[in-house]
1. Residue check: is MET238 touching a strand residue (DSSP E or B) at 6+ places or on another chain (Cβ under 7 Å), open to solvent by less than 10 Å² (accessible area, probe 1.4 Å), at pLDDT below 95 and closer than 29 Å to GLY45 by Cβ?
2. What is the one condition in (1) part of a helix (DSSP H, G or I); (2) within 18 Å of GLU88 (Cβ to Cβ); (3) open to solvent by 30 Å² or more (accessible area, probe 1.4 Å); (4) not charged (D, E, K, R) that PHE151 does not satisfy?
3. Just one of ILE33, ILE50, ILE27 is modelled with pLDDT of 95 or more, surrounded by fewer than 17 Cβ atoms within 10 Å (Cβ to Cβ) and touching a helix residue (DSSP H, G or I) at 6+ places or on another chain (Cβ under 6 Å); which is it?
4. Would you mind telling me which numbered condition in (1) at pLDDT 95 or above; (2) in contact with a Leu (Cβ under 6 Å, 6 or more places away or on another chain) ARG229 fails?
5. Report yes if some residue within segment 175-193 is open to solvent by less than 60 Å² (accessible area, probe 1.4 Å), over 25 Å from ALA75 (Cα atoms) and not in a helix (DSSP H, G or I); otherwise report no.
6. Give me the residue from segment 1-13 that is surrounded by fewer than 18 Cβ atoms within 10 Å (Cβ to Cβ) and not in a strand (DSSP E or B) and, out of that set, nearest to the chain's Cα centre (by Cα).
7. For segment 86-105, does any single residue satisfy the condition of being at pLDDT below 85 and under 18 Å from the mean Cα position of the chain (by Cα)?
8. When you scan segment 67-81, do you find a residue that is more than 17 Å from VAL196 (Cβ to Cβ) and not aromatic (Phe, Trp, Tyr), even just one?
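The values are calculated or read from the model by the stated rules, or taken from the named source; none is laboratory data. Bear in mind that the values here come from a model prediction, so they are computed numbers and not experimental data. Don't worry about glycine lacking a Cβ; one is built from the backbone with ideal geometry, like all the others, and counts go over all protein chains shown. These accessible areas exclude ligands, DNA and RNA; they are computed on the full protein's heavy atoms, side chains included. Shrake-Rupley method; radii C 1.70, N 1.55, O 1.52, S 1.80 Å.
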Amino acid sequence: MKNGEERVGILTAMENEVRLLLSKAEIERTDRIGGVNFHTGTLSGRKVVIAQAGIGKALSAAGASTMLNQYNVKALIFTGVAGGVGDETRVLDLVIGTELVQYDYGIRNQDGFHWSPPLFSSDTGHFICDAELADMAWNAAVGVVGPEHTFRGVIASGDQFVASESFVRELRDTFGAVACEMEGAAVASVCEQYGVPFAVIRSMSDKADGKAHESIENMGDLAADHCGRVVMRMLEEMKK
């Protein structure tokens, strides 16, 4: 049985990605399910449920599944930091997902790794973000960092923290990726199965290169706060 009235779901992986949202929200109740706190309340005038699911595809998928099972979620926003893959992106730029792909899904044989579309996904293996939500996210992101620092495109997900220039080129060449991270496609696959529209918003904490660890250490909190401000602007737009 789903709890209560219709809400917008907001999901993150890490504590710094949810911190600003929780500080601005009026939390009415917190349910602890499977080790994850699900906070229901109001943010920017909208009824929301907010949770930090944990890092990686398994935990993010579990968090999304629990949220969609337990709460009356009309749309889900997944947000947080990522590595910039596109040549044009820089640290603290924002990427609004148009599609998500699991880059580490496939077959490994004696010739090496061969990517293939996951079962139950679209024929291309890409999960398509809701166009209306993506437009709202784009407009909100432009309002936060400006049009010159806002991008749209494919976000590639895998259970690896990428810090390799050669692998960045592979993600660009194979998938046309603009950003890479560890959760988005898993959340997208759950939303697709449940028939719930979704958006993925990522702020670049690093360039997924040899300096990625240093960059995320120095810029991760600021990048995460950018995402939080974008989400709040989106919720304001949804009120209209």
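1. Working: touching a strand residue (DSSP E or B) at 6+ places or on another chain (Cβ under 7 Å): yes; open to solvent by less than 10 Å² (accessible area, probe 1.4 Å): no; at pLDDT below 95: yes; closer than 29 Å to GLY45 by Cβ: yes.
Spelling it out, it is not the case that MET238 is touching a strand residue (DSSP E or B) at 6+ places or on another chain (Cβ under 7 Å), open to solvent by less than 10 Å² (accessible area, probe 1.4 Å), at pLDDT below 95 and closer than 29 Å to GLY45 by Cβ.
2. (1)
3. ILE33
4. Result: ARG229 passes all but (2).
5. yes
6. It comes out as LYS2.
7. So far as segment 86-105 goes, yes, one or more of its residues are at pLDDT below 85 and under 18 Å from the mean Cα position of the chain (by Cα).
8. yes
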